[in-house]
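Taking it in order: structure first as structure tokens, then the write-up.
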Amino acid sequence: MSASSFSLLFAAALAAMVGVRLWLAARQLAHVARHRDRVPAAFAGRIALAAHQKAADYTAARQRLGRVEMLVDAAVLAALTLGGAFSLLVAWTGALPAGPLWQDVALFGALALVSAASSLPFSWYATFVVEERFGFNRMTLGLWLADLAKGTLLAIALGLPLLLVVLWLMRDAGGAWWLWAWLAWMAFQLLVLVLYPTVIAPLFNRFDPLPTGEARERVEALLARCGFASSGLYVMDGSRRSGHGNAYFTGFGRAKRVVFFDTLLARLDGDELEAVLAHELGHYKLRHIAKRIAWSALASAAFLALLAWAMRAPWFYEGLGIAPALVPAAMARPGVALALFSLALPVFTFGFRPVAALYSRRHEFEADAFAARTASAGALAQALVKLYEDNAATLTPDPIHSAFYDSHPPAAVRIARLQAAAV
């Protein structure tokens, strides 16, 4: 393949991605607006019109912000690659008085700064304007900045060693470097799973044991009934940052924890809480987590093998904006290929999103069925209705937009299945 052909291919893929995302956003906005003034029949009597309209307006506000952010991200990506800005960063870092390894680290640092400059304004606006407008934000500016600082330091503490290992392997491990890099990546993923419950998550939230009482007794009985061993039941201070509610499992092996947002405990009764937990248990008992990890492992191995092939081709560099005179030096720096590949890959994999969403929605249906068998389908349906209302989740998503993006089934479809199971 020639450099010009690859440039055209990348430009076409980028334009197609932007076009499809704009079309999907327009569909979602129009569909939600058309159904704004009437509660769907499946939810009549359970969700007030005012709450339904709030969800529609919240969805529209998030969609409009996401559309602008997507356009900015696409413009930044085009400027970095086809516009030659990344080539300038390669030249600049290549002139630093440091070894090639640290020049590549500086390159990734520069890209991180560019990413932060383009994304942080949207993060701030989403939190302090959109979430604030709809009554969800509990975050102060100080807490937002503290989270940002902690997240940055954590990314450096965890990400820098991984980056150094991968760059070293790319340079010195021979033609099979990608296999060793894949093993390092999988080991890193496992390390994060182990560290997250006890080291990472407590940096951002407080976790208190679930108080004794009916809720704890029902949760423990459900866990015992399902043969699920956990290292503890915890309540997270989610209300410190947001009015949204959730529950989840975290950890690996016997270090698994069950975590409830305090906002969730305040909203659901015993039957509903048990049903929500049974749904989450379904993901573990049906091996959904293991299956997703396996698919992720296969995909990462394939992508690393693809990178190992592409990084040997001059057209890969020049086609993504590296100045021709700089290509030989760029090919001698594995970090350049890794960074370019990371920038370009999402453009070419965007079309697979509906497949991933479909796979995820199938797992959600299976977990719902598990909860219906183990706890109560009716209670889970009631809990979901409350969560849809509390989280201002739209009850009327555009079907094509939902099929492309949503990891969970549309509300009406999900509730209908649970009601059928409850009969």
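Assorted remarks:
- For the range 392-417, the set of residues classified as touching an Asp or Glu at 6+ places or on another chain (Cβ under 6 Å) and not in a loop (DSSP other than H, G, I, E, B) is empty.
- Scanning the range 22-47 for residues that are farther than 18 Å from P399 by Cα, touching a residue at least 40 places away in the same chain (Cβ under 8 Å), surrounded by fewer than 17 Cβ atoms within 10 Å (Cβ to Cβ) and of a type in the set (A, V, I, L, M) gives no hits.
- Here A61, A15 are screened, and the one residue that is assigned to a helix (DSSP H, G or I), under 25 Å from A403 (Cβ atoms) and free of Cβ contacts under 8 Å to residues at least 24 places away in the same chain is A15.
- Failed item in (1) in contact (Cβ under 8 Å) with a residue 24 or more places away in the chain; (2) under 23 Å from R38 (Cα atoms); (3) part of a helix (DSSP H, G or I), with A379 passing the rest: (2)
- Whichever residue in the range 19-49 is more than 30 Å from the chain's Cα centre (by Cα) and outside any loop (DSSP other than H, G, I, E, B) and, among such residues, is modelled with the lowest pLDDT: A41
- With respect to being of a type outside the set (D, E), crowded, with 16+ Cβ neighbours inside 10 Å, under 28 Å from G151 (Cα atoms) and modelled with pLDDT of 95 or more, A79 falls outside the description.
- Within the range 198-233, the set of residues being in a loop (DSSP other than H, G, I, E, B), small (G, A, S) and under 17 Å from E280 (Cβ atoms) comprises G227, A229, S230, S231, G232.
- Every residue from the range 325-337 that is touching a residue at least 60 places away in the same chain (Cβ under 8 Å), in a helix (DSSP H, G or I) and surrounded by fewer than 21 Cβ atoms within 10 Å (Cβ to Cβ): L326, A329
- If you go through the range 265-304 and pick out every residue that is outside any helix (DSSP H, G or I) and within 18 Å of Y359 (Cβ to Cβ), you end up with 2.
- Candidates in the range 256-287 are the residues that are in contact with a Cys (Cβ under 8 Å, 6 or more places away or on another chain) and crowded, with 21+ Cβ neighbours inside 10 Å; of these, the one that is farthest from R216 (Cα to Cα) is L281.
- Sole residue being touching a helix residue (DSSP H, G or I) at 6+ places or on another chain (Cβ under 6 Å), closer than 22 Å to Y58 by Cβ and assigned to a helix (DSSP H, G or I), chosen from E364, E389: E389
- Test result for A75, in a helix (DSSP H, G or I) and in contact (Cβ under 8 Å) with a residue 60 or more places away in the chain: no
- Counted residues, the range 396-423 - those being buried (at least 19 other Cβ atoms within 10 Å of the Cβ), of a type outside the set (D, E, K, R) and closer than 15 Å to R27 by Cα: 5
Residues are listed down the side, and each one gets a yes or a no for (1) surrounded by fewer than 16 Cβ atoms within 10 Å (Cβ to Cβ); (2) among the basic types (K, R); (3) under 30 Å from P410 (Cβ atoms); (4) touching a His at 6+ places or on another chain (Cβ under 9 Å):
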residue	(1), (2), (3), (4)
L304	no, no, no, no
R312	yes, yes, no, no
L345	yes, no, yes, no
F352	yes, no, yes, no
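- Unmet requirement for L77, which otherwise passes all of (1) out of contact with any Leu (no Cβ under 8 Å at 6 or more places or on another chain); (2) closer than 25 Å to L8 by Cα: (1)
- Selection within the range 132-160: residues that are touching a Ser or Thr at 6+ places or on another chain (Cβ under 7 Å) and either of a type in the set (D, E, K, R) or part of a helix (DSSP H, G or I) (or both). The member of this set that is modelled with the highest pLDDT is W144.
- Criterion applied to V39, V18, V32 was being β-branched (V, I, T) and under 30 Å from R312 (Cα atoms), and the one residue passing it is V18.
- Of all residues in the range 314-324 being of a type in the set (A, V, I, L, M, F, W, C) and surrounded by fewer than 18 Cβ atoms within 10 Å (Cβ to Cβ), the one that is farthest from W180 (Cα to Cα): A323
The values are calculated or read from the model by the stated rules, or taken from the named source; none is laboratory data. From a predicted model like this one, the values you see are computed outputs, not experimental measurements. No Cβ is skipped: glycine too gets one built from the backbone with ideal geometry, and neighbour counts run over all protein chains shown.
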